[in-house]
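The values are calculated or read from the model by the stated rules, or taken from the named source; none is laboratory data. Every value quoted in this text rests on a predicted model; they were computed, and no experiment measured them. Ideal geometry is used to build each Cβ from the backbone, glycine not excepted, and the neighbour counts take in all protein chains shown.
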Amino acid sequence: MSSLRPFCLTAWLAAPALAALLSLSPVSQSRAQAQATPAPSASSSSSQTTVAATHPSAEQRGITARAIDKVKQVAKSAGDIFSRVPCLAPKGGSKTMGSLPHVAGKLVAGKPVVIVAFGSSSTAGYGASSPDFNYPNRLAAQLRRQYPGANITVINAGIGGEDAPEMMKRLQTEVIDVHPDLVIWQVGTNAVLRNLDPGDTAKMVEDGISRIQAAGDADVVLVDPQYSPAVNQRAESAGKMVKLLGKVAELRHVGIFPRFEVMRDWHEKQSIPVESFVIADGLHMNDWGYACFAQLLGDDIIRSVGQIKIGVNVPADVRAYRPM
């Protein structure tokens with residue numbers, strides 16, 4: 001994902017701002033003054049010092065209250081996000097083919113499950129109003145609701161601005177050495193924005209998948225670029241990237257989440273305005289976009305578990321991930 005900054009960061013900064021403001025509470029203020037203020041002289045009034053330290057100004061109380069209200073509004077908004085715009089998968093031409101046998105088998109057996117979300121800023125969650133609302137945390141929450149007795153860990157290994165060249169440098173330490181059961185690899189957007197050769201990116205991703213597969217039994221799902229104004233300005237390169245990543249997934253028998261087509265369906269077939277799922281920078285997803293993205297991924301994992309429970313054996317050469 002690009003390192004471009006959005007035009008408005010108010011919601012994103014609400015939680016950090018609240019933390020900073022809360023640090024100005026009476027207890028914190030008195031501690032800070034105790035460290036920073038010199039010892040009073042004989043003529044100083046200790047009672048005056050105590051009053052100043054324990055009673056923040058009315059203006060400060062007002063700022064803190066507004067920050068708390070803002071965070072509460074963001075949390076409420078994200079909590080009922082699908083009540084306003086439902087999350088619907090594309091209709092027609094897509095089907096589930098049990099693409100995640102390893103992670104599903106671990107869930108069926110009641111064994112601990114480790115999922116690594118590997119990628120750039122849309123994995124890290126740039127554009128979400130809170131870290132709780134990035135897609136890896138949303139996915140973890142969905143799976144834990146579905147399997148309350150399971151030990152499920154979702155590791156967010158997203159770093160903004162990266163693409164395949166940078167990701168390959170940390171593939172061993174942040175993915176392979178973790179011994180994951182599922183790797184969700186979001187890649188390709190920054191390569192499009194940088195005018196990198198899609199063929200070079202596809203080759204690096206193929207090499208990376210080979211290394212993951214050689215190291216263990218992890219399932220892999222690729223996530224292709226997003227449909228957004230910034231990406232669509234380079235439509236030819238984006239189209240090549242989407243096509244090549246699909247071919248890599250087919251060649252290596254791994255899953256693929258067709259994010260570009262899913263998001264285009266939201267806009268062109270479901271008539272959802274782009275600004276309803278992309279923030280003001282024209283690139284990164286917002287809370288709704290991340291939530292629906294995570295929901296569709298989680299739904300497919302859950303369906304894969306259901307298939308294994310009823311004994312469905314999916315041939316390796318048809319494990320192509322397509323959300324319902």
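Scanning region 272-319 for residues that are out of contact with any Gly (no Cβ under 7 Å at 6 or more places or on another chain), modelled with pLDDT under 70 and among the aliphatic types (A, V, I, L, M) turns up A316, V318.
Of the residues making up region 268-288, those that are touching a strand residue (DSSP E or B) at 6+ places or on another chain (Cβ under 9 Å) and touching a residue at least 24 places away in the same chain (Cβ under 8 Å) are V278, I279, H284, M285, N286. Flag: S122 does not match the condition of being assigned to a loop (DSSP other than H, G, I, E, B) and either buried (at least 17 other Cβ atoms within 10 Å of the Cβ) or at pLDDT 95 or above (or both). Which residues, taken from region 191-210, are within 20 Å of the chain's Cα centre (by Cα) and either farther than 13 Å from V223 by Cα or of a type in the set (K, R) (or both)? Within region 191-210, A191, V192, L193 meet the criteria. Scanning region 259-282 for residues that are surrounded by fewer than 23 Cβ atoms within 10 Å (Cβ to Cβ), on the phi < 0 side of the Ramachandran plot and in a loop (DSSP other than H, G, I, E, B) returns K269, Q270, I272, P273, A280, D281.
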